[in-house]
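Structure record follows, encoded as structure tokens.
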Amino acid sequence: LAKTTQPISMDSYEGQEVNITCSHNNIATNDYITWYQQFPSQGPRFIIQGYKTKVTNEVASLFIPADRKSSTLSLPRVSLSDTAVYYCLVGDGFDTGRRALTFGSGTRLQVQP
Amino acid sequence: ETGVTQSPTHLIKTRGQQVTLRCSSQSGHNTVSWYQQALGQGPQFIFQYYREEENGRGNFPPRFSGLQFPNYSSELNVNALELDDSALYLCAFRPGTSGAQDTQYFGPGTRLTVL
């Protein structure tokens, strides 16, 4: 299983851009990189997913270098409601069979007014 | 929001008892996974079911077992409860299409407390 490493916590202020980096040195060729957001006592919520280079959607951007051994989630202009735990995951397996997602401890983002 | 529901919301049991947690989805997605999340930690993969068969398992003992039904809903059963089983139990559904995408849709979880 591909293991991920993220900072334990980060602090930011409203309106700032936040970049959270995740390292995944043993990522497999077929693995995608996915980021989830989790609020207290709720299930994780999908944010963004990518394989290489850059992916952007309405809430975030994901930057993946050529060697794919790390990735960076970028949240533009955060607000108080972005205070949550953010998890970086890499999948294990390619087909619809065995798939074991590995969550690390995540990054606890605290946004201040 | 995700269309995934779990029941019950909260549950209190004592050591040695057995518990059954339930999960269903409105989406028709046929792959369901269960995760255990201890306080302050990330979710840990328990197992996955695809078309009513277990096809992936994490590092959990056999007293953690599950079922998936023809309508794709699922149960997690835990026997001989231990204090360390106290956690938030999450289920997640995923479209059963082939490919490497791992987008999963999580339910709100069941908070289990073992006394």
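Observations, loosely collected:
- For the peptides A:20-26, B:61-67, B:20-26, residues were scored by their other Cβ atoms within 10 Å and the scores averaged per peptide; the highest-first order is B:20-26, A:20-26, B:61-67.
- Sorted by Cβ neighbour density within 10 Å, fewest at the top, the residues A:111, B:78, A:59: A:59, A:111, B:78
- Averaging the sequence gap over all C-alpha pairs within less than 8 Å and six or more residues apart, then dividing by the number of residues, gives chain B a relative contact order of 37 percent.
- Within region A:1-75, GluC sites (Glu not before Pro) in DSSP loop having at most 12 other beta-carbon neighbours inside 10 Å: A:17, A:58
- Taking B:84, A:82 and counting other C-beta atoms within 10 Å, the order from fewest to most: B:84, A:82
- Within straight-line reach of residue A:3, meaning a Cα separation under 16 Å, sit the following lysines at least 8 residues removed in sequence or on another chain: A:69.
- The length gained by stretching the chain between residue A:39 and residue A:9 to full extension, at 0.36 nm per residue less their Cα-Cα distance, is 9.4 nm.
- Kirkwood-Stokes translational diffusion coefficient of the protein assembly as shown, alpha-carbon pairs, 25 °C, 0.890 mPa s, µm²/s: 136
- Comparing A:102, A:72, A:29 in a Gaussian network model of chain A, where Cα atoms under 10 Å apart are tied by springs, the biggest mean-square fluctuation is seen for A:29.
- Linear extension gain, residue A:23 paired with residue A:63, 0.36 nm per residue minus alpha-carbon span: 13.2 nm
- Region A:10-109, relative contact order [Cα under 8 Å, separation at least 6], %: 33
- Convex hull projection area averaged over all views, chain B, Cα basis, nm²: 6.9
Read the figures in this text as sums done on the coordinates, not as results from a lab. Bear in mind the structure is a predicted one, so any value in this text is a computation, not a measurement. Every residue, glycine among them, receives a Cβ derived from its backbone with ideal geometry; neighbour counts consider all protein chains shown.
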